[in-house]
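Working notes, beginning with the structure itself.
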Amino acid sequence: VQLQASGGGSVQAGGSLQLSCTATSMFSINIMDWYRQAPGKERELIAGTTADGAINYADSVKGRFTISRDNDKNTVYLQMDSLKPGDTAVYYCHAVLRGLGSPPAFWGQGTQVTVSS
């Protein structure tokens, strides 16, 4: 499984960016989600989806970020609105295959998002 993320960049506070991540996989993917890691902080889950349509958000982004998914394209999107300087981080997409127990998980390469005040 390979994950290719794109869409990062620099924006002023209040602006918007959209990230996308496409998975190349021979196997069915269940979970596709987005994490971020700011300098000096741990990587955190900010938004996630399952193949059957369940969605969840971290409180820090709820109401500002929207995750969506195109299962036919194995692509997950993250629309980020009302961006704040505190959203500055490297954003990673993450995918977990379908399966029982602990199916394999994969990470994309990360894309930088910088929000200036």
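Under 16 Å Cα to Cα from residue 73, which aspartates and glutamates show up? Leave out anything in the same chain fewer than 8 places away.
The qualifying aspartates and glutamates are 33, 52.
How charged is the neighbourhood of residue 107? Take every other residue with its Cβ under 13 Å from the Cβ of residue 107, and add Lys/Arg as +1 and Asp/Glu as -1.
+1
Along Cα→Cβ, 7 Å out, is where each label goes; now give me the distance between the ones at residue 24 and residue 54 in nm to one decimal.
It is 3.1 nm.
First select every other residue whose beta carbon is under 9 angstrom from the beta carbon of residue 37; then total the charges, Lys and Arg +1, Asp and Glu -1.
Details: positive: 36, 41, 43; negative: 42, 44.
For residues surrounding residue 37, the net value is +1.
List every residue whose amide H lies under 5 Å from the amide H of residue 69, counting only residues 5 or more places away in sequence or on a different chain, with H placed 1.01 Å from N in the peptide plane.
Distant-sequence amide H within range of residue 69: 77.
Rounded to the nearest Å, what's the spacing between the alpha carbon centres of segment 79-117 and segment 60-74? Just the number, please.
Segment 79-117 and segment 60-74 have Cα centres separated by 11 Å.
Based on the alpha-carbon set only, what is the convex hull volume of segment 57-117 divided per residue, in Å³?
Dividing the Cα hull volume of segment 57-117 by its residue count gives 111 Å³.
Name the residues whose placed amide hydrogens come within less than 5 Å of the amide hydrogen of residue 88, ignoring near sequence neighbours (fewer than 5 apart) on the same chain.
Hits under the 5 Å cutoff: 115.
For segment 34-87, what does the convex hull of the Cα positions come to per residue, in cubic angstrom?
Values: hull volume 4.5 nm³, N = 54.
Expressed per residue, the convex hull around the Cα atoms of segment 34-87 is 84 Å³.
Given that compact globular proteins tend to follow 2.2 N^0.38 Å, what is the ratio of the alpha-carbon Rg of segment 1-116 to that value?
1.02
Which value, in debye to the nearest 20, gives the size of the charge dipole of the chain about its Cα centre, when Lys and Arg are +1 and Asp and Glu are -1 at the Cβ?
The dipole of the chain has a size of about 120 debye.
Mind listing the phi-derived Karplus ³J(HN,Hα) values for segment 36-46, rounded to whole Hz, using 6.51, -1.76 and 1.60 with θ = phi - 60°, and x for any glycine or proline?
9, 9, 8, x, x, 10, 6, 5, 10, 7, 10
Can you give me the relative contact order of the chain as a percent, contacts being Cα pairs under 8 Å and 6 or more apart?
36
Using a 10 Å cut-off on Cβ atoms, rank the peptides 89-99, 31-41 from the highest mean neighbour count down. Write out the running numbers ahead of the final one.
Numbers: 89-99: 19.5, 31-41: 16.9.
Going by the mean number of other Cβ atoms within 10 Å, highest first, we get 89-99, 31-41.
What span do the alpha-carbon atoms of segment 1-51 cover on each of the three principal axes, reported in whole Å from largest to smallest?
Cα spread of segment 1-51 along its principal axes, largest to smallest: 39, 22, 17 Å.
Where a number appears in this text, it was derived from the coordinates with a stated rule and is not lab data. In this text the structure is predicted, and so the values were computed from the model without any measurement. Reconstructed Cβ throughout: ideal geometry from the backbone, glycine too, with neighbour counts over all protein chains shown.
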